[in-house]
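This report concerns only the one structure given below.
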Amino acid sequence: MEKPSIRFQDIGDDARRQYVDARATFEAQRAAQLKASAVRGGMYWKNVAQGEYLVRTSVRNAQKSLGPRSAETEAMYASFTQRKQEAEARLKDLSAALTRQQRLNRALFVGRVPALVVALLDMLEQQGVAEHFTVVGTHALYAYEAAAGVRVESAAVATRDVDLLWDTRKRFKLATQLQRLDASMLALLRKVDKSFALVEQQPYTAVNSDGFEVDILRREVQEDDPHPARLSQHEEDFWAVQARNAEQLVSAPRFSAMVVAPSGHMARMNTVHPLAFARFKRWLARRLDRDPLKVQRDALQADTVQALVAEYLPQLQQTLDP
């Protein structure tokens with residue numbers, strides 16, 4: 001039986017140009033944000049019995065002496081003050097520019113990613129934990145279509161949950177960051193929507209008052225992987241669930257794209273190489289124990305992504321065979 005042809009909707013030249021402009025501003029603003037974070041806190045001269053000392057302060061008011069006043073510490077102070085002023089001014093300007101781009105995104109209908117998903121991705125980045133999670137479910141298609149400048153058919157992206165694959169190889173780094181934030185992963189999720197709560201008897205899933213779910217997945221246990229594995233030491237937090245063949249996704253090349261909500265807000269989505277996604281979905285569709293209701297969509301997504309790469313992202317075919 002011949003497969004139906006896969007159709008894509010072109011977003012139009014105006015929306016495509018706007019996406020490119022917004023992406024440039026978004027990336028510049030994120031780079032400025034990172035640079036400004038390096039000079040957070042402050043420096044001041046502290047008078048003590050022995051004289052004046054230069055003190056570096058953190059945002060949490062931790063203090064560190066950098067030495068007595070001298071030509072060297074005065075140069076340090078001057079350099080820090082200048083870098084801080086420049087970084088903060090640049091961040092302020094780019095943040096204002098980003099707000100303008102958000103309005104243009106909305107006016108030109110650039111994005112259609114659910115607002116909650118964009119807010120979730122932005123939160124992960126702002127809290128410094130984005131590197132530990134990869135979008136591996138249906139929502140990954142939004143990253144692929146954004147990079148291609150088209151839209152896939154709605155049936156391929158219809159879902160009420162987002163799957164985040166946790167890289168257990170970096171579990172200690174995540175634990176350290178959560179400890180620094182004094183927060184659980186669930187607490188971070190509640191910064192996006194305070195109604196999120198863990199599902200009883202299914203602690204790898206949190207659901208909000210609208211029925212939208214966030215699932216935390218992990219590869220099957222191997223080597224020194226802990227099992228079971230909770231994301232933090234907080235009693236009320238996610239326990240990641242093992243996903244069959246997820247090692248294929250953990251080891252796949254990464255793919256990242258800026259995604260846009262209907263409101264115009266933007267976030268970076270980190271997922272896997274499109275053809276790795278298609279390969280995994282093809283494998284799922286062929287499993288005899290797969291939910292029959294999901295098999296058709298698995299196959300549709302695999303076909304859609306493979307066709308998308310062939311038609312709009314051919315350069316990616318050279319980096320991974322389907």
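Since every read-out is calculated from the coordinates, none of them should be taken as a lab result. Here the structure is a predicted model, which is why all the values come from computation and not from measurement. Heads up, the Cβs are rebuilt from the backbone with ideal geometry, glycines too, and the neighbour counts pull from every protein chain shown.
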Net charge of neighbours whose Cβ lies under 14 Å from the Cβ of E200, counting Lys and Arg as +1 and Asp and Glu as -1:
-2
Could you work out the local net charge near Q63, counting Lys and Arg as +1, Asp and Glu as -1, over the other residues with Cβ closer than 13 Å to its Cβ?
+4
Sorted by mean Cβ packing within 10 Å, highest first, what order do the peptides 79-90, 238-249, 260-271 take?
260-271, 238-249, 79-90
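Would you calculate a helix-derived [θ] at 222 nm for the chain, using -39,500 (n - 2.57) for each DSSP H run of n ≥ 4 and dividing by the full residue count, to the nearest 500? Don't skip to the answer; put the middle values down first.
Numbers: 10 runs with 143 residues, N = 322.
Mean residue ellipticity at 222 nm (helix-derived): -14500 deg cm²/dmol.
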Output ordering of 214-227, 51-64, 275-288 (per-residue mean of other Cβ within 10 Å, highest first) is 275-288, 214-227, 51-64
In segment 255-270, whose amide N lies under 18 Å from the spot 7 Å out along Cα-to-Cβ of A24? List them in ranges.
258-259
Please give the peptides 298-311, 156-169 ranked by average Cβ packing (other Cβ atoms within 10 Å per residue), highest first, as a rough proxy for protection.
298-311, 156-169
